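Some notes on the structure that comes next.
Just so you know, all these numbers are worked out from the coordinates, no wet-lab data involved. Predicted model only: the values in this text are computed from it and were never measured. Cβ placement follows ideal geometry from the backbone for every residue including glycine, while neighbour counts extend to all protein chains displayed.
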Amino acid sequence: MGCDVKVSDASVSCLQRLMSQYQQADRTAVQLLIEQLSPQLLRFFSSQMGCRTQAEDMLQDLWMRIHQARHSYRPGEPVLPWVYAIARRVRTDSYRQRRRVASRELTMTVLPEPFAQPGPASPLLFEDLVAPLSERQRDVLTMLKVNGMNIAEVARATASTIGAVKQEAHRAYKRLRGLLEHSRTEQPARKGWRPIDHRTQSKLHNRSCVRGELSE
């Protein structure tokens, strides 16, 4: 009854079947859904949180919410858009909660001296690089470049069209190229600016790879 969630229309129907069986209290279907979807959902959270522990907490919260909302899934509809809609709400709620905690702890925080010399530069992480993008663009790039999903899979997961996903990806890549070029010219004059690591560059600045994806 297992299935691969990353490839074809067959995997889409398999997820639909597992979800329907989950609604009927099939424990095996529950376990298979968790095994199949958890890796890419953890990558979805990790790429934007930068902390695996927080991402794992969010993943656990997500599965609790999926269980509570399982009867709201309508059999026959794609599973990924339904799951990712809940995942985005989990991420938003977690972000708001962390902001509330941070604001309460702010008075206890020892702030660095404003003119302190910056320490050794550290590589710019993926979540830092995509931070200037819109939430939808961050989601699209995370699914494409971190989760390894293709254009069609991202379209299904975001309840969008392939054309709309390509357009969002194109706009995101264009803006990131501009930011990368700007960072190269501004980096010597900006204190504390962190160089972009090779892994991030290979994900987001390989133009031939970008052109190949958008021409699918």
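Quick notes on this structure:
- Order by protection proxy (mean Cβ within 10 Å, highest first), peptides 16-26, 136-146: 136-146, 16-26
- Here the range 9-102 is assigned +1 on the Cβ of each Lys and Arg and -1 on the Cβ of each Asp and Glu. Its dipole about the Cα centre then comes out at about 460 debye.
- Comparing 32, 59, 92 along the charge dipole axis of the range 9-102, the residue lying farthest to the positive side is 92, per the Cβ-charge model.
- Its residue count N fixes a reference of 2.2 N^0.38 Å for the range 9-102, and the Cα radius of gyration divided by that reference is 1.12.
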